[in-house]
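Q: Quick one: the structure is below, and I'll ask about it shortly.
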Amino acid sequence: MSDSLTVTARPARRSFISRIPLIGRIAREIDRDVNNFFWLLPVVILGLVLGIKLWGMAALTMLGLALVPMVFAFFIAISWP
């Protein structure tokens, strides 16, 4: 018969995180194999070191600015009854 009549299943609903281009791909890769996180960690540290080498204290300031909401969320999480 005809191959054009094949029915394909709809893709499963993806979460909001998995729809973000860079973060979603990383999250899907870590979901498949947890060891990918241990490859990602040195890459992030290397990016931070190269950012400090290129931009100096501004890179550290931006890192600190990005970590503030994460620290607040951590404090709320550990103090939740």
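The values are calculated or read from the model by the stated rules, or taken from the named source; none is laboratory data. For clarity, every value in this text was computed on a predicted model and none was experimentally measured. Note that we place each Cβ from the backbone using ideal geometry, even for glycine, and neighbour counts take in every protein chain shown. Note: accessible area is taken over every heavy atom of the protein model, side chains too, but ligands, DNA and RNA are not part of it. Shrake-Rupley method; radii C 1.70, N 1.55, O 1.52, S 1.80 Å.
Q: Does residue 42 satisfy being closer than 26 Å to residue 61 by Cα, at pLDDT 80 or above, out of contact with any Gly (no Cβ under 9 Å at 6 or more places or on another chain) and open to solvent by 90 Å² or more (accessible area, probe 1.4 Å)?
A: Working: closer than 26 Å to residue 61 by Cα: yes; at pLDDT 80 or above: yes; out of contact with any Gly (no Cβ under 9 Å at 6 or more places or on another chain): yes; open to solvent by 90 Å² or more (accessible area, probe 1.4 Å): no.
No; evaluated as a whole, the condition is false for this residue.
Q: Just to be sure before I move on: is residue 79 modelled with pLDDT under 85, open to solvent by less than 100 Å² (accessible area, probe 1.4 Å) and of a type outside the set (A, V, I, L, M) in the structure I sent?
A: Numbers: modelled with pLDDT under 85: no; open to solvent by less than 100 Å² (accessible area, probe 1.4 Å): yes; of a type outside the set (A, V, I, L, M): yes.
It is false that residue 79 is modelled with pLDDT under 85, open to solvent by less than 100 Å² (accessible area, probe 1.4 Å) and of a type outside the set (A, V, I, L, M).
Q: Is there a residue being of a type outside the set (A, V, I, L, M, F, W, C), under 16 Å from the mean Cα position of the chain (by Cα) and part of a helix (DSSP H, G or I) anywhere in region 67-80? Talk me through it step by step, then tell me what you get.
A: Start the filter on region 67-80 by keeping residues that are of a type outside the set (A, V, I, L, M, F, W, C), which leaves 69, 79.
Restricting the remaining residues to those that are under 16 Å from the mean Cα position of the chain (by Cα) gives 69.
Filter once more, keeping what is part of a helix (DSSP H, G or I): 69.
Yes: region 67-80 contains one or more residues that are of a type outside the set (A, V, I, L, M, F, W, C), under 16 Å from the mean Cα position of the chain (by Cα) and part of a helix (DSSP H, G or I).
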